1. Which of the following residues is modelled with pLDDT of 95 or more, in a helix (DSSP H, G or I) and out of contact with any Gly (no Cβ under 9 Å at 6 or more places or on another chain): LEU92, LEU99, LEU78, LEU128?
2. Is it true that GLY58 is under 15 Å from the mean Cα position of the chain (by Cα), surrounded by 19 or more Cβ atoms within 10 Å (Cβ to Cβ) and closer than 22 Å to ALA97 by Cα?
3. Within region 102-121, does at least one residue satisfy the condition of being touching a Cys at 6+ places or on another chain (Cβ under 7 Å), among the β-branched types (Val, Ile, Thr), surrounded by 13 or more Cβ atoms within 10 Å (Cβ to Cβ) and part of a loop (DSSP other than H, G, I, E, B)?
4. Out of the residues in region 35-63 that are in contact (Cβ under 8 Å) with a residue 40 or more places away in the chain and part of a loop (DSSP other than H, G, I, E, B), state the one that is farthest from LYS110 (Cα to Cα).
5. Only one of ILE25, ILE77 is β-branched (Val, Ile, Thr) and over 14 Å from the mean Cα position of the chain (by Cα); which?
6. Might you let me know whether region 27-34 holds any residue that is under 19 Å from PRO111 (Cβ atoms) and surrounded by 13 or more Cβ atoms within 10 Å (Cβ to Cβ)?
7. Say we look at region 72-88 and pick out the residues that are more than 20 Å from ASN20 (Cα to Cα), touching a Leu at 6+ places or on another chain (Cβ under 9 Å) and in contact (Cβ under 8 Å) with a residue 12 or more places away in the chain; which of these is surrounded by the most Cβ atoms within 10 Å (Cβ to Cβ)?
8. How many of the residues in region 1-19 are assigned to a loop (DSSP other than H, G, I, E, B) and in contact (Cβ under 8 Å) with a residue 60 or more places away in the chain?
Amino acid sequence: MSRLTDKAMALRSDPALHCNCAQTILRAFAEDLHLDEEMMNRLGSNFGGGMKMGGTCGAITSGAMILGLFGMDNPRILNGFYQKIRDSHDGLTDCAALLQRNMEKGGQKKPHCDAMICESIAYIEEILQEQGLRKEE
């Protein structure tokens, strides 16, 4: 795991914080972006649970936000990020569908969401490295 995934998992395991997937990713990157962690927490508050309605997974939407904050607005790069997620999850990107598939496989929600967070962070870091915006840790 990277420094950022370690930070994300520390946030997820802190019972006082109750961070959703989007908040976790945004908070994990806050320091690197020189942004206030509490502001990032508020920004992500309505993106967990697929925007609180089962839509696009918060680990995906927050990933797109992080890439945007690093200046990535090229559709090819963003579509590559989305495609990596789809390829790993039978084409699924909606929170409700991802959780349903996970449940059908006997999985539990928190470990599934934690894995989505780690996966999204790994893809973000990979893209940033490819674009020369981050060195490999």
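1. Just a single option satisfies the conditions, and that option is LEU128.
2. Against the criterion (under 15 Å from the mean Cα position of the chain (by Cα), surrounded by 19 or more Cβ atoms within 10 Å (Cβ to Cβ) and closer than 22 Å to ALA97 by Cα), GLY58 qualifies.
3. no
4. Ranking the candidates gives GLY55 first.
5. Answer to the check: ILE77.
6. Scanning region 27-34 turns up at least one residue that is under 19 Å from PRO111 (Cβ atoms) and surrounded by 13 or more Cβ atoms within 10 Å (Cβ to Cβ).
7. Going through the qualifying residues, I end up with PHE81.
8. Of the residues in that region, 2 qualify.
The values are calculated or read from the model by the stated rules, or taken from the named source; none is laboratory data. Note that the structure is a prediction, hence the values are computed from the model and not measured. Methodologically, a virtual Cβ is constructed for each residue, glycine included, from the backbone with ideal geometry; neighbour enumeration extends over all protein chains shown.
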